[in-house]
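Since every read-out is calculated from the coordinates, none of them should be taken as a lab result. Computed from a predicted structure; not experimentally measured. Glycine also receives a Cβ, built like all others from the backbone with ideal geometry; neighbour counts cover every protein chain displayed.
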Amino acid sequence: MKELKGKHTQCIHEGQLEDTQFGGAISPIYMATSYPFLEVEEKRYPRYFNTPNQEVVASKVAALENAESALPFSSGMAAITTSLFAFLESGDHVVFQNEIYGGSHHMIVEEFSKYGIEYSFTKGLSVNDFEKEIKKNTKVIYIETPSNPLLNITDIKAIATIAKKHGIVSMIDNTFASPLNQTPLDFGIDLSIHSATKYLSGHSDISAGIVAGNKEVVDKVMHTGRSFGGNLSDFMCFLLERSIKTLGVRIEKHNENAQFIAEKLATNSLIKKVYYPGLTSHKNHQLAKEQMHGFGGMLSFDLNDSLEAKTFQKKLKMIRPSMSLAGVESTIIQPSLTSHALLSAEERLVQGISDNLLRLSVGLENKEDILEDILQALNN
């Protein structure tokens with residue numbers, strides 16, 4: 001097949017296995033956990049990330065990320081931890097963005113000290129905030145943009161540049177954007193990481209993670225991953241491939257709906273503030289325009305002090321309070337009770353996460369229906 005360039009085309013056709021026996025329209029599922037080892041070029045084994053269905057997903061995501069290689073994991077956290085530990089050992093240091101997924105933050109604080117790994121969280125998101133945290137033993141810079149849950153934007157190219165200047169591996173959690181809205185490797189980032197449970201899956205029925213980068217970097221992650229055992233099963237790979245086929249059309253609708261909702265809420269007197277990079281009022285709007293192809297389906301907003309977040313959520317009729325995000329259905333969470341509950345109240349306030357902050361994953365319903373549900377919950 002000739003090189004596929006269109007992202008929608010890549011979503012559907014890149015890497016697909018041919019059903020040579022029956023000519024089916026989709027990739028067959030190869031559920032085997034045992035493969036030959038005599039007189040074969042490559043010894044296949046699920047934990048080695050090289051079964052047929054694993055390779056399909058890897059090829060598809062690598063194409064979407066403009067990467068040489070990719071690996072599918074059993075969860076986003078499996079992808080994150082394996083990637084970090086692939087480049088770190090006792091005595092090393094990591095610079096982390098101060099605004100990252102709460103599960104990542106908890107893992108760092110709870111686990112790194114056990115292995116003698118040092119870390120620093122930046123005080124802000126400017127290049128200087130990152131550079132002044134770099135030490136002689138710094139081996140990794142880790143960012144997340146747009147950030148969870150305040151949708152702040154980090155300058156990807158600038159971070160990649162200072163990482164290269166200091167000989168440091170750069171990593172990004174690209175989950176909120178998806179490869180359709182943002183391709184960090186184009187700006188010089190070494191490794192792009194996703195919780196594929198979110199947009200890549202998109203139907204709230206798969207737990208998975210993905211890493212993508214140049215072959216040398218991904219091979220190093222694979223080497224560690226084979227020991228850690230966080231591979232994704234072939235059946236889950238089959239389902240994930242199915243989901244990625246519709247990623248292009250889903251992301252377009254997520255972007256459209258989120259922009260509409262953000263603009264409407266930004267003018268509502270019962271909303272204190274809306275956080276969405278597609279708004280011209282967003283402090284990083286211009287930067288987001290420069291490094292994103294679309295602004296995504298995630299937004300957050302602070303309710304006025306006259307309202308209470310838990311009461312508001314109970315009044316919603318269609319939008320579901322839910323722990324996850326990025327499904328076809330609209331969902332909402334209170335970060336102080338869920339994604340960032342493991343942070344102390346002081347740590348949350350430092351990040352700007354109030355008890356009245358709500359994170360909305362805008363789904364694919366009619367945008368007017370999403371807005372109507374929010375308005376009735378605000379006004380009743």
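Things to note:
- Segment 50-109 shape via C-alpha gyration tensor axes, a/c threshold 1.5: prolate
- Placing +1 on the Cβ of every Lys and Arg and -1 on the Cβ of every Asp and Glu, with no other charges, gives segment 247-379 a dipole of roughly 60 debye about its Cα centre.
- Of all the options L64, L17, L303, the one that moves most in a Gaussian network model of the chain with Cα springs shorter than 10 angstrom is L17.
- Taking M292, M31, M318 and counting other C-beta atoms within 10 Å, the order from fewest to most: M31, M318, M292
- In this label model, N304 and L38 are separated by 7.9 nm, measuring between points 7 Å along each Cα→Cβ vector.
- Distance cut-off 24 Å, percentage of C-alpha pairs in segment 247-379 lying past it: 26 percent
- GNM flexibility winner over the chain from E65, E39, E290 (Cα, springs under 10 Å): E39
- Placing +1 on the Cβ of every Lys and Arg and -1 on the Cβ of every Asp and Glu, with no other charges, gives segment 16-104 a dipole of roughly 260 debye about its Cα centre.
- Note, ³J(HN,Hα) from phi for segment 282-291, Karplus 6.51, -1.76, 1.60, rounded to Hz, x at Gly and Pro: 5, 4, 10, 4, 5, 5, 4, 4, 6, 10
- Sorted by Cβ density within 10 Å, fewest first, the residues R320, R44: R320, R44
- Furthest towards positive pole of dipole, Q97, S192, V140, structure part segment 92-199, Cβ charges: V140
- The modelled label-to-label distance between K164 and S227, using points 7 Å beyond Cα along the C-beta direction, is 3.0 nm.
- Here the residues R359, R226, ranked from fewest to most Cβ neighbours within 10 Å of their Cβ, fall in the order R226, R359.
- Simple Cβ-charge dipole of the chain, Lys/Arg +1 and Asp/Glu -1, about Cα centre, in debye nearest 20: 360 debye
- With N as its number of residues, segment 7-244 has a Cα radius of gyration that, divided by 2.2 N^0.38 Å, comes to 1.02.
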